[in-house]
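Trainee: Would you mind keeping the following structure in view while I ask a few things?
Bear in mind that the values in this text are calculations on the coordinates, not laboratory data. Owing to the predicted nature of the structure, the values given are computational and were not obtained by experimental measurement. We place every Cβ from the backbone using ideal geometry, glycine too, and count neighbours over all the protein chains shown.
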Amino acid sequence: MSKDYYEILGVSKNALREEIKRAYRKLAHQHHPDKKGGDEKKFKEINEAYQILGDDEKRRRYDQFGSAAFGRSSAQPGWDFSGFSRQGFGDLGDIFEDIFSARGEPASGWEDFFGGLGGFSRSRRAKRGSDIALSLDVSFRESIFGGARSVLLDKTSSCAVCKGSGAEPGSHVKKCDICQGTGTVREARRSILGSFTSLAECSKCRGKGEIPEKLCKHCRGHGVLKKQENINIQIPAGIRNGEAIKLTGMGEALSGGVAGDLYVKTNVTPHPVFRREGSDLVMDLYAQPSKMILGGEDAIETLEGKLLVRIPELSKAGDILRLRGKGVPKAREGRGNLLILLHQKLPRKLSHEAKKLLLDLEKEGL
């Protein structure tokens, strides 16, 4: 389910970074589970929202694609410091000072705690290729029932010959003699905050930890290359205009890392007859006055073919006929309804006989 991070922090979508930081600090102090009246679930939700909105790049992606841009909740079980910059270190420090004070414990020493985490440095993460975003025009019918499309993209992809290993097929790979297979080299430094241990990518194996004995001739040992690739896109039934489809791992490939994601933003073409209201489809039906009064059947063209609709006797303009299960497929099960809004079809000119008939009907109270 999509989350509204702005609502969670209680800020507007135009809020400045400082406003977001102030809102986060206030709520984090209030809801921390170690404080009286704290709420662990709420605290994790606030933490998750700040990790996204407190980072300009993540915020940009969230504003464009919503929380789906991050695949899963960005907050991990337990403490997760990976989303904070060193500037955010002070925010956490203030929070810990208040927590220690609430417990009656000395506030000093939290600097040593973070220093013990390696100077608050980020743990090693797999490198990740760039995400790709594109727009796709989708017909109204495809948006209701779903469909399959194929697009041709010019992007960096994994080498099909060596399967991304960078090694010529049939040859072997060996452990990197610089990093001993870890893909990183360790550097230790000291500062006023304590000891910092940083991990840098090994320049020889480019973080892979392995070196091919013989380089792939197709990609020259890089494991990736620029090429055109056909991407198959499954359009889910019931998708709305502007919603994005996420294809994990179909973005830019990266040597020694994982590929980014592909985001396909849908532009649904309006339909000349039908419009969507939630899980219902709505259409207008202009019926003859005789059918409105006497009742009868009228043929309509739906997204699934022709259908006979029964117009009840003494119907009037504005009445709605409901055909259950003929609307938009729902996320879990079933479908919405087709709502038919009745209008009375009036002639441009009346004959003498028609006028007399209407006068006679008026005498009958119709």
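Trainee: Quick check on the range 275-363: what are the equivalent-ellipsoid semi-axes from the Cα gyration tensor, as sqrt(5λ), descending, whole Å?
Mentor: 33, 11, 10
Trainee: As a test of the definition: which semi-axes, in Å, follow for the range 188-341 when you take the square root of five times each eigenvalue of its alpha carbon gyration tensor? Largest first, please. Numbers along the way, then the final one.
Mentor: Values: eigenvalues 761, 81, 23 Å².
Values for the range 188-341, descending: 62, 20, 11 Å.
Trainee: Among Lys306/Lys349; Lys163/Lys246; Lys3/Lys41; Lys127/Lys226; Lys127/Lys155; Lys127/Lys217, which pairs are too far apart, with a Cα-Cα distance over 20 Å? Write out the running numbers ahead of the final one.
Mentor: Working: Lys306/Lys349 30 Å; Lys163/Lys246 23 Å; Lys3/Lys41 14 Å; Lys127/Lys226 18 Å; Lys127/Lys155 17 Å; Lys127/Lys217 24 Å.
From the list (Lys306/Lys349; Lys163/Lys246; Lys3/Lys41; Lys127/Lys226; Lys127/Lys155; Lys127/Lys217), the Cα-Cα distance tops 20 Å for Lys306/Lys349; Lys163/Lys246; Lys127/Lys217.
Trainee: List Arg25, Arg189 from most exposed to least, where exposure is judged by having the fewest other Cβ atoms within 10 Å.
Mentor: Arranged by neighbour count, lowest to highest, Arg25, Arg189 become Arg189, Arg25.
Trainee: Below 8 Å between Cα atoms, with a sequence gap of 6+, how large is the relative contact order for the range 275-363 in percent?
Mentor: Over the range 275-363, the number comes to 32 percent.
Trainee: Can you give the translational diffusion coefficient of the range 132-268 in µm²/s, computed by Stokes-Einstein from the Kirkwood radius over Cα pairs at 20 °C and 1.002 mPa s?
Mentor: Rounded, D is 121 µm²/s.
Trainee: Just the Kirkwood number for the range 147-218, please: inverse of mean 1/r across all distinct Cα pairs, in Å, one decimal. Each step should come with its number before you reach the end.
Mentor: Numbers: mean 1/r = 0.0668 Å⁻¹.
This gives a value of 15.0 Å.
Trainee: What percent do you get for the relative contact order of the range 159-211 when only Cα pairs under 8 Å and 6+ apart count?
Mentor: With pairs under 8 Å counted, the relative contact order is 35 percent.
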